[in-house]
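Beneath this line is the structure, given in structure tokens, with notes to follow.
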Amino acid sequence: MSENSDPHRRSFASGDVIFEQNAPGDVAYIIESGHVTVTRRWSGRTVDIASLGVGEIVGESALIDDFPRTATATATVDTEVFIVERDLLQGHLGDADPLISMLVRVLIDRLRTVQHRLVPFEDDALGFPGAERRRARRLAEPEILALGRFKREHELKRGIERGEFEVTLQPIVCLTDGRLTGFEALMVWHHPSLGRVGPGEFIDIAERSGLVRDLDDLALRSAITTLGALDARLGDPARELTVSVNLSGAHAGQEATVTRVADLLAETGAPASRITLEITESWLVSDPEAAVQTLRALKALGLRLALDDFGTGYSSLAYLHSFPLDFLKVDRGFISGLPGDDGGTRITEAIVRLAQTFGLAAIAEGIDDPGQLAALESMGCAFGQGYLFSRPLSLGDAIEYAANG
Ligand code: C2E
Ligand code: CA
Ligand code: CA
């Protein structure tokens, strides 16, 4: 172990013991880099009880009471931790916003309950009757899930601060002549220990925690940067190209969203007509009237709007009429079975016709083989994207893709 110049941080080398079972404990540790295993000795045996990585907390019962440590924590690689002292935490809680303070106290209280239930659970796991063990686990599960979510949100927030998110760009082409029309911005997370993580793994948590606003802002900023880079590289021909950005339903009915987008457009002088916002039917769930107002205001800024994942949500023809839309996106789920799947074929045909009826253009997503492409062409679907054309690309590769036609 080595002391750090920062009193709140400490470094451990691989194999160093961070704390030992039965030792007194008054601090917890948040792992900032590296990896820690937690083991428990019982009846002459040593059992692994946790394997913890970046963003996870170890020794957290010290935040509740002065218990002796119930387990031993060992760094398995070079590890850096942030030290959370109980007194310091209490001090911060005293100063914090009353809502935050109350929430943390409730969570700590839950942690205390979990701790009381888990200690017998661990002993059971080492040989006590199964029924007891299952009961303890069932009681503790909701709290464990709540803590897990709390931890992942923390990781996500820190990832955003540290610039671990990158916007990748998937080409969208005109299906009749194969010409590139633009790109869809898709977020990826370069996670420090998990590597590349797709949005399916984090958009949900980001939406529940409100962090999706930061991600969507980042995507919009990157879209604007992309347009600038395309113009710089290609000159006039680039002026036909657009970038689409996904806008979470968490923004529906929020006037602040309109202001943020308007400010960003004004600040960058970005060409609004070359930016498409992709929204889903989830925008309608809580307050359809407010959502329509937000969309009209976004549309008034000159942006274009696409309805994503069409047909998978709360389909209603009424809002196709009241939403100021430009594009309908046909969900990958309907495309994947083409041309053999009868249901998929009929639904896709119907969506393409519906788009035409409402004066919108259809964009098919997830086209990954030539048979699907041929089927879509014969239906008169205007645009498409998918692995057949290209996977999502880094900014540099997207610019080269556009330059090479
Ligand atoms: P989406 O908007 O429906 O995006 C299309 C998804 O299909 C992308 O997955 C894309 O990589 C994938 N895809 C495209 N072509 C093919 C293909 O030929 N075969 C297959 N198997 N897949 C294909 P991805 O990147 O995992 O994104 C998942 C979802 O996450 C997106 O679905 C979108 O709803 C959401 N998302 C991504 N970026 C953002 C963001 O910046 N903000 C918000 N709010 N949501 C985002
Ligand atoms: Ca999309
Ligand atoms: Ca979609």
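The values are calculated or read from the model by the stated rules, or taken from the named source; none is laboratory data. Please read these numbers as outputs of a predicted model, since none were measured by experiment. A quick note on method: Cβ atoms are made from the backbone with ideal geometry, for glycine too, and the neighbour counts reach across all protein chains shown. Please note that ligands, DNA and RNA were not included when accessible areas were found on the heavy atoms of the full protein model with its side chains. Shrake-Rupley method; radii C 1.70, N 1.55, O 1.52, S 1.80 Å.
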- prompt: Where the accessible area of the chain is counted over protein heavy atoms with a 1.4 Å probe, how much of it, in %, is carbon and sulfur?
  reply: 53
Full-stretch length increase - Val47, Asp217 - with 0.36 nm per residue and alpha-carbon distance subtracted: 56.7 nm
statement: Dividing the surface of the Cα convex hull of the chain by four yields a projected area in nm² of 25.2
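By how many nm would the segment from Arg391 to Asn404 grow when fully extended, if each residue of separation counts as 0.36 nm and the alpha-carbon distance is taken off? Before the final figure, lay out the partial values.
Numbers: separation 13, 0.36 × 13 = 4.68 nm, distance 1.59 nm.
In short, 3.1 nm is gained.
Report for the chain the percent antiparallel among DSSP-assigned beta bridges with both residues inside it, nearest 5.
Values: 43 of 64 bridges.
Here the antiparallel bridges make up roughly 65 percent for the chain.
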- line: Taking r as the C-beta separation of Ala13 and Arg346 and R0 as 51 Å, the FRET efficiency to the nearest 0.05 is 0.20
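Output the DSSP H helices from the chain with an along-axis C-alpha extent of no less than 15 Å and a mean Kyte-Doolittle hydropathy no less than 0.0.
Numbers: long enough: 98-125 (39 Å, 0.28); 130-161 (45 Å, -1.14); 212-234 (32 Å, 0.37); 255-268 (20 Å, 0.31); 288-300 (18 Å, 0.10); 342-357 (22 Å, -0.11).
Once both thresholds are applied, what remains is 98-125, 212-234, 255-268, 288-300.
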